[in-house]
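**Q** Mind looking over this structure? Questions follow.
The values are calculated or read from the model by the stated rules, or taken from the named source; none is laboratory data. Please read all numbers here as calculations on a predicted model, not as lab measurements. Quick reminder, even Gly has a Cβ in these numbers, built from the backbone with ideal geometry, and neighbours come from all protein chains shown. With ligands, DNA and RNA removed, areas are computed over all heavy atoms of the protein, side chains included. Shrake-Rupley method; radii C 1.70, N 1.55, O 1.52, S 1.80 Å.
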Amino acid sequence: MNQIHSVGTSHHTAPLDFREKLAFSQTQILQAFPLLREQYHFQEAVILSTCNRVEVYAASEVAGGGAPLLDFLSAYHHIDSQTLKKFTYAHQDEDAVRHLFDVSASLDSMVVGEPQILGQVKDAYDTALAAGASGQTLNRLFSKAISVGKRVRTETNIASGAVSIGFAAVELAKKIFQSLKNKTVAIVGAGEMSELTAQHLVENGASKVIVANRTFERAVEIAEKFDGIPLPYDESLSFLVDADIVISSTDAPHYLIQRKPLAEVMRKRKNRHMFLIDIAVPRDIDPEVGKIENAFLYNIDDLDAVVASNIKDRQREAEIAGRIVEEEAIGFYSQLQLLKVTPTIKALNRQFQGVVERELQACIKKAELSPEQRAHVQSMTQAIVKKLLHQPVKNLRQKTNDIDGGRVRYIQALQELFALKDVENRTETED
Amino acid sequence: MEFLFLLTLLIYLAASILHALFLTTGISRISEGAFWATTMGFALHTILIALRWIGQGRFPMAHWLDSISFLAWAIILIYLGIAYMTRMRALGVFVVPAAFAAILIAYALPQDAPGLPANLQNYWLLSHTTLIFLSYAAFIAAFGFGVMYLIEEKKIRRKAQTLIHDHFPSLGSSDEIGHRCMVVGVILLTLGIIIGAVWTKYARELEWRWLDSKIIFTLATWLIYVIQIGIRQALGWRGRKAAYSAIIGFAAILCTYAGVNLFLPSIHAF
């Protein structure tokens with residue numbers, strides 16, 4: 001029976017510059033498969049390499065630790081094994097199964113519940129499958145991991161709720177406006193965050209972008225990115241008359257948008273709803289503006305609170321998801337173990353029969369028995385083997401109902417005590 | 001008839017519960033269930049009205065209990081229309097239980113008080129009353145959207161944590177659909193009033209009296225809505241002001257419909 005090993009690094013254990021060193025390109029993955037098989041004796045391998053994690057899953061017939069996997073990574077990426085050990089984690093068998101299920105269920109992600117990881121796991125598996133690197137054990141493991149990921153997604157709300165400022169702005173805008181279609185977004189000032197937020201709004205249907213900046217050239221520059229209209233900044237805020245959503249992030253030390261001029265703007269736009277997002281610190285928009293009828297003001301802390309509350313919700317869902325993963329991992333692993341029992345018993349039987357047969361032949365030669373006596377002795381030795389093995393085999397079979405891992409220890413003990421080397425991996429016949 | 005009535009009641013009750021469940025859980029399958037239960041209740045309700053129509057030999061609109069049943073029917077009709085077009089279900093939380101209560105009153109209470117005199121029961125009456133009650137239904141829908149607008153607006157201003165997860169329509173939707181309900185209501189009410197006036201003038205079965213309490217209240221209600229719609233166009237009275245207008249208008253309708261019936265003399269039976 002194959003053992004499952006995994007070695008990896010993720011945002012939990014390593015900084016970006018280390019993860020970069022360990023990353024595999026698609027070509028490198030295809031190069032690595034034959035290396036793992038021929039030099040490191042892993043019959044099966046799947047390599048998952050994303051911007052947040054690099055993980056190698058491998059299955060091997062040889063009992064032993066995952067050390068060769070670390071050796072492989074160290075040699076392939078020319079990283080000394082000391083550093084490698086510091087930033088990586090290694091799992092074996094049941095832990096490796098549970099870890100992969102956590103990953104595919106997006107419980108191990110930087111943003112818990114983010115949807116990309118499941119697709120990335122699937123791609124990694126498809127690549128290995130197409131290259132012939134994944135075999136019986138990892139095929140089972142990865143198909144199950146993908147179905148666990150899907151199950152978690154459908155049975156929990158782990159993927160719901162905005163968990164970034166940009167998405168929070170989109171969700172709030174959807175609470176205010178009937179639809180984002182034909183809505184105009186105004187960017188006041190500049191900055192990565194405001195552009196990102198505007199980007200989210202545009203992707204969700206906002207059709208027009210206007211950009212106002214004290215430096216007109218800068219406005220032109222940003223407007224180009226959104227196919228938008230640059231407008232000169234003026235104190236009367238007249239550029240906001242057509243704006244439905246205002247994102248402000250200037251480095252002005254005082255309030256740029258004050259109550260009086262904005263109330264005038266609202267009157268000019270016939271009180272159509274306006275959503276103002278102030279992501280500047282110090283703030284750009286006077287909090288008093290939030291009291292104007294049909295104008296709704298959210299600052300960076302308010303948006304953070306929305307995000308935080310969504311993250312809290314997700315964490316609650318993550319607990320439910322964690323239970324699903326646990327249940328699936330135990331179920332999967334015990335199913336995998338079940339496959340080991342029969343081959344072990346067969347090997348044990350073969351070994352005993354072998355010993356008996358050899359001793360019997362030696363005895364027959366020395367004692368010069370008649371055919372009749374020989375038959376008697378032969379059937380007696382058969383009976384002894386059967387009776388000796390009866391109780392341990394019975395106990396071993398009963399332990400197969402045991403899901404706490406006890407069965408696994410028995411099987412391992414048997415294999416080691418009796419040095420059972422030719423335990424076949426006949427999974428397909430016992431499924 | 002008894003059985004059908006109970007069945008209709010039960011289905012409206014189930015639809016009310018499903019709507020409330022949807023609003024708290026947000027599960028889309030429940031929302032579909034709520035919609036179809038309401039549709040089924042509406043179909044049975046329609047049969048119920050039709051049976052009474054056949055039984056009485058005329059459209060059941062001569063007694064105030066009949067008018068309540070018709071009003072409930074019209075509200076559900078409008079709700080189903082909006083729900084079908086916008087996939088929005090929140091309004092159902094308000095109107096389906098109201099319909100449940102209305103038909104409970106309409107069919108469980110005995111019709112002891114006399115209805116309209118037989119000589120008045122003709123197509124004039126039929127169109128006059130149905131138009132006005134359809135307009136009431138539209139105004140009640142506008143009222144529902146007004147209430148939802150105010151609840152949602154308060155949540156947005158308070159930055160309530162439950163905001164993102166609730167299933168109320170957006171402010172823009174409540175405002176816009178509420179406004180359209182109001183416009184439709186005003187058109188229907190205007191037609192209803194005109195038919196009523198023309199009827200009294202030419203049918204000569206009745207004397208036109210300006211000072212009839214029902215007429216005065218109805219005109220006041222009409223004025224509230226017309227002013228709101230007009231100022232909305234001219235000065236942008238949308239959002240909270242529109243929501244308040246819808247609520248004030250609803251209060252006026254309550255006065256016109258129930259208040260006048262119960263406390264003031266009028267030539268209108270209901």
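**Q** Compute the long axis of helix A:116-130 from its Cα atoms, compare it with the longest principal axis of the Cα atoms of chain A, and write down the angle in degrees, 0 to 90, nearest 10.
**A** So the helix axis and the longest Cα principal axis differ by about 40 degrees.
**Q** Roughly how many percent of the accessible protein surface of region A:29-89 is carbon and sulfur, given a 1.4 Å probe and a whole-percent answer?
**A** Carbon and sulfur together cover 54 percent of it.
**Q** Also, I was wondering about something else. Are there any helices in chain B, counted as whole DSSP H runs, that stretch 27 Å or more along their axis by Cα and score at least -0.5 on average by Kyte-Doolittle, and if so which?
**A** B:2-25, B:28-56, B:64-86, B:90-108, B:123-158, B:171-203, B:213-235
**Q** Binning every alpha carbon pair distance of region A:25-125 at 5 Å from zero, what are the percents per bin?
**A** All Cα pairs, binned at 5 Å, distribute as 2, 11, 23, 24, 22, 13, 4, 0 percent.
**Q** Sequence neighbours fewer than 8 away in the same chain don't count; with that in mind, list the lysines whose C-alpha is under 22 Å from residue A:346.
**A** A:386, A:387, A:394, A:399, A:421
**Q** Oh, and also: For chain B, set up a GNM with springs between Cα atoms under 10 Å and report which of B:34, B:20, B:43 has the largest fluctuation.
**A** Comparing B:34, B:20, B:43 in the GNM, the peak value goes to B:43.
**Q** Right, something else. Leaving out ligands and nucleic acids, note down the accessible area per residue over chain A with a 1.4 angstrom probe, in whole Å².
**A** Heavy-atom accessible area per residue stands at 49 Å².
**Q** To continue, here is another question. With no solvent and one equal point scatterer placed on each C-alpha of region A:179-293, evaluate the Debye formula and give log10 I(q)/I(0) for q = 0.10, 0.13, 0.19, 0.22 Å⁻¹, two decimals.
**A** -0.25, -0.43, -0.96, -1.31
**Q** Okay, next question. How big is the A-B contact in terms of buried accessible area, both chains counted, 1.4 Å probe, rounded to the nearest 100 Å²?
**A** In total, chains A and B hide about 2100 Å² from solvent.
**Q** Would you work out what percent of the accessible area of chain B, with all protein chains in place, is carbon or sulfur (probe 1.4 Å)?
**A** Result for chain B: 72 percent of the exposed heavy-atom area is carbon or sulfur.
**Q** Would you kindly derive the ³J(HN,Hα) couplings of region A:378-390 from the backbone phi angles with the Karplus curve 6.51 cos²θ - 1.76 cosθ + 1.60 (θ = phi - 60°), listing them in order in whole Hz, with x for Gly and Pro?
**A** Values, residue by residue: 4, 5, 5, 5, 4, 5, 4, 4, 4, 5, 4, 7, 3 Hz.
**Q** Just going by the charge dipole of region A:179-293, with Lys and Arg at +1 and Asp and Glu at -1 on Cβ, which of A:266, A:276, A:254 is farthest out on the positive end?
**A** It is A:266, whose Cα lies furthest towards the positive end.
**Q** Same structure, new question: Would you kindly calculate the translational diffusion coefficient of region B:1-115, applying Stokes-Einstein with the Kirkwood radius from alpha carbon pairs, for 20 °C and a viscosity of 1.002 mPa s, and quote it in µm² s⁻¹ without decimals?
**A** Here the translational diffusion coefficient equals 150 µm²/s.
**Q** Then there is this: Hey, what angle do you get for helix A:26-38 against the long axis of chain A, alpha-carbon based, 0 to 90 degrees rounded to 10?
**A** It works out to around 10 degrees.
**Q** With viscosity set to 1.567 mPa s and temperature to 4 °C, compute the Stokes-Einstein D of region B:123-270, Rh being the Kirkwood radius across alpha carbon pairs; µm²/s, no decimals.
**A** 79 µm²/s
**Q** Of B:138, B:98, B:243, which is the most mobile in a GNM of chain B whose springs link Cα atoms less than 10 angstrom apart?
**A** Answer for the Gaussian network model of chain B: B:98.
**Q** Sort the protein assembly as shown into rounded, prolate or oblate with this rule: let a ≥ b ≥ c be the square roots of the eigenvalues of the Cα gyration tensor; rounded if a/c is under 1.5, and if a/c is not under 1.5, prolate when a/b is larger than b/c, oblate otherwise.
**A** oblate
**Q** Quick check: the angle from helix A:67-77's long axis to the longest principal axis of chain A, C-alpha only, nearest 10 degrees?
**A** Here the helix axis deviates by roughly 50 degrees.
**Q** Starting from the Cα gyration tensor of chain B, take the square roots of the eigenvalues, sort them a ≥ b ≥ c, and report rounded, prolate or oblate (rounded when a/c is under 1.5, otherwise prolate if a/b is larger than b/c, else oblate).
**A** Oblate, because a/c is 1.5 or more while a/b does not exceed b/c.
**Q** With a probe of 1.4 Å, find how much accessible area region B:1-115 has per residue, and write the answer as a whole number in Å².
**A** I get 47 Å² per residue for this part.
**Q** While we're looking at this one, here's another question. Would you tally the net charge around residue B:244, using a Cβ to Cβ cut-off of less than 15 Å, leaving residue B:244 out, and scoring K and R as +1, D and E as -1?
**A** Net local charge, residue B:244 excluded: +1.
**Q** Check residue A:276: other-chain or 5+ apart residues with amide H under 5 Å from its amide H, H built from backbone geometry?
**A** A:246, A:296, A:297, A:298
**Q** Where both partners of a DSSP beta bridge lie in chain A, what percent of those bridges are antiparallel, to the nearest 5?
**A** 45 percent
**Q** Name the residues of region A:291-308, by number, that are at least 20 Å² less accessible with every protein chain in place than in the isolated chain; the surface is that of heavy atoms, probe 1.4 Å, without ligands or nucleic acids.
**A** A:293, A:294, A:296, A:298, A:302
**Q** Given axes a ≥ b ≥ c from the Cα gyration tensor, I'd like to know whether region A:67-176 is rounded (a/c under 1.5), prolate (a/b larger than b/c) or oblate.
**A** Judged from the Cα gyration tensor, region A:67-176 comes out prolate (a/c at least 1.5, a/b above b/c).
**Q** Right, here's the next one. Averaging sequence separations of C-alpha pairs under 8 Å and six or more residues apart, then dividing by the length of chain A, give the relative contact order as a whole percent.
**A** For chain A, the relative contact order is 13 percent.
**Q** Through the Karplus equation 6.51 cos²θ - 1.76 cosθ + 1.60, θ set to phi - 60°, convert the phi angles of region A:203-220 into ³J(HN,Hα) values in whole Hz; use x for Gly and Pro.
**A** Each residue's phi maps through the Karplus curve to give 5, 9, x, 4, 9, 10, 10, 10, 10, 10, 8, 4, 8, 5, 4, 5, 4, 4 Hz.
**Q** OK, next. Using the crude model of +1 on Lys and Arg Cβ and -1 on Asp and Glu Cβ, and no other charge, please compute the dipole size for chain B relative to its Cα centre, in debye to 20.
**A** 780 debye
**Q** Spelling out what I want: for every residue of region A:188-197, take phi, set θ = phi - 60°, compute 6.51 cos²θ - 1.76 cosθ + 1.60 (Karplus), and round to whole Hz; glycine and proline get x.
**A** 10, x, 8, x, 4, 4, 5, 5, 5, 5
**Q** Are there any residues in region B:222-242 with a reduction of at least 40 Å² in accessible surface when going from the isolated chain to the assembly of protein chains? Probe 1.4 Å, please list them by number.
**A** Going by heavy-atom accessible area, the residues of region B:222-242 that drop by at least 40 Å² are B:238.
**Q** How big is the dipole moment of chain A about its Cα centre under a simple scheme where the beta carbon of each Lys and Arg is +1, that of each Asp and Glu is -1, and everything else is neutral? Debye, nearest 20, please.
**A** 1380 debye
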